[in-house]
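A.B. asks: One structure coming up, written as structure tokens, with questions to follow.
The values are calculated or read from the model by the stated rules, or taken from the named source; none is laboratory data. The structure presented is a predicted model; accordingly, all values stated were derived computationally and were not measured. Cβ: placed from backbone, ideal geometry, glycine included. Neighbour counts: every protein chain shown.
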Amino acid sequence: MSSELDLKTISTPILVNLLGNELRFPSLFIIRCRLTLGRFKKRIDKRFPADLVELAGLPLWVYLNLKKRIGQEKALEIMRVALLTAGVAKQNFLFDTVAKGRSFQTFAEQELEINKTGTTKWNTLEVVERTNRRFQIRITRCLYHELAVSVGAPEITPIVCQIDNAVFNSYLPDQMVFHRGGANRRIADGASQCDFIWEMVD
């Protein structure tokens, strides 16, 4: 059940609320984006998996339309608030902590599972290190970023990275720390890979 959380039930009310200060009819703007989504999806390169396009298509289309209406700076911040909130909720559901509890070992197991079947299953991943106090994986291909770049919105990828920061650093607060080995070391920054590093610090 946890994997079935519909992100739109969280992100849409937030978008409508935030857009109330920017557009005269925010609900109508969202409806128009949904009604024209099919045409947008048809323009997306067929090399991208259909389920990735299904997940990311509407947020990308809303952002692209919003950017035209109110400019990139405001549009990106509105999408950040909506997607960060919805994305954190979705990832928390996927970690299934109510049933599985929280531990470093459980986290590592769930993270690998999510990367096989969840919202990051389209990425190319390798495990670099896994001990009882340190866990590191490496993403060498990020299809989210490739999709965003292909539709002219590369600047939206770091929002997905922010979701990681929020979820991982709140999983075992004050016990487990997540980092990427330094700043500007993501594929979204132009690097060839993304390192995900979790370390126990208690």
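A.B. asks: Considering only region 138-147, I want to know if a residue exists there that is surrounded by fewer than 18 Cβ atoms within 10 Å (Cβ to Cβ) and free of Cβ contacts under 8 Å to residues at least 12 places away in the same chain.
C.D. replies: No: zero hits.
A.B. asks: OK, next. If SER150 passes every condition in (1) in contact (Cβ under 8 Å) with a residue 60 or more places away in the chain; (2) touching a Leu at 6+ places or on another chain (Cβ under 9 Å); (3) under 27 Å from ILE44 (Cβ atoms) but one, which one does it miss?
C.D. replies: (2)
A.B. asks: Related question: If you scan region 90-111, which residues turn out to be hydrophobic (A, V, I, L, M, F, W, C) and either touching an Asp or Glu at 6+ places or on another chain (Cβ under 6 Å) or at pLDDT 95 or above (or both)? Don't jump to the end; show me each part of the working.
C.D. replies: In the first step, residues of region 90-111 are kept if they are hydrophobic (A, V, I, L, M, F, W, C); the result is 93-95, 98-99, 104, 107-108.
PHE104, PHE107, ALA108 - these are the residues of region 90-111 that are hydrophobic (A, V, I, L, M, F, W, C) and either touching an Asp or Glu at 6+ places or on another chain (Cβ under 6 Å) or at pLDDT 95 or above (or both).
A.B. asks: Any idea how many residues of region 96-133 are part of a strand (DSSP E or B) and either without any contact (Cβ under 8 Å) to a residue 12 or more places away in the chain or surrounded by fewer than 17 Cβ atoms within 10 Å (Cβ to Cβ) (or both)?
C.D. replies: Number of matching residues: 6.
A.B. asks: Say whether the condition of being closer than 28 Å to ALA50 by Cβ, of a type in the set (Phe, Trp, Tyr) and under 14 Å from the mean Cα position of the chain (by Cα) is met by at least one residue in region 186-201.
C.D. replies: So far as region 186-201 goes, no, none of its residues is closer than 28 Å to ALA50 by Cβ, of a type in the set (Phe, Trp, Tyr) and under 14 Å from the mean Cα position of the chain (by Cα).
A.B. asks: One residue is enough: does region 143-160 have a residue meeting the conditions of a type outside the set (Lys, Arg), more than 29 Å from ALA50 (Cα to Cα) and either under 19 Å from the mean Cα position of the chain (by Cα) or at pLDDT 95 or above (or both)? Walk me through how you get there before you give the answer.
C.D. replies: Taking region 143-160 first, the residues of a type outside the set (Lys, Arg) are 143-160.
Among the residues that remain, those that are also more than 29 Å from ALA50 (Cα to Cα) are: none.
The answer is no; no qualifying residue exists.
A.B. asks: When you scan region 64-77, do you find a residue that is within 19 Å of the chain's Cα centre (by Cα), closer than 24 Å to LEU147 by Cα and at pLDDT below 95, even just one?
C.D. replies: no
A.B. asks: Looking at region 1-22 only, could you name the residues that are surrounded by 12 or more Cβ atoms within 10 Å (Cβ to Cβ) and either touching an Asp or Glu at 6+ places or on another chain (Cβ under 9 Å) or modelled with pLDDT under 75 (or both)?
C.D. replies: SER2, SER3, LEU5, LEU7, LEU18
A.B. asks: Let me ask you something else. Among the residues of region 1-43, which ones are assigned to a loop (DSSP other than H, G, I, E, B), in contact (Cβ under 8 Å) with a residue 24 or more places away in the chain and among the aliphatic types (A, V, I, L, M)? If you could, list the steps in order and put the result at the bottom.
C.D. replies: Residues of region 1-43 that are assigned to a loop (DSSP other than H, G, I, E, B), as a first pass: 1, 5-7, 20-25, 36.
From what is left, the residues that are in contact (Cβ under 8 Å) with a residue 24 or more places away in the chain are 5, 7, 22-23, 36.
Residues satisfying the conditions are LEU5, LEU7, LEU23.
Yes or no, residue by residue, for (1) among the small types (Gly, Ala, Ser); (2) in a loop (DSSP other than H, G, I, E, B); (3) surrounded by fewer than 17 Cβ atoms within 10 Å (Cβ to Cβ); (4) free of Cβ contacts under 8 Å to residues at least 24 places away in the same chain:
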position: ASP45; (1), (2), (3), (4): no, yes, yes, no
position: GLU54; (1), (2), (3), (4): no, no, yes, yes
position: VAL62; (1), (2), (3), (4): no, no, no, no
position: ALA75; (1), (2), (3), (4): yes, no, no, yes
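A.B. asks: Follow-up. Name the residues in region 166-202 that are within 17 Å of PHE93 (Cα to Cα) and either surrounded by 15 or more Cβ atoms within 10 Å (Cβ to Cβ) or not polar (S, T, N, Q) (or both), would you?
C.D. replies: Of all residues in region 166-202, those within 17 Å of PHE93 (Cα to Cα) come to 166-172.
Result: ALA166, VAL167, PHE168, ASN169, TYR171, LEU172.
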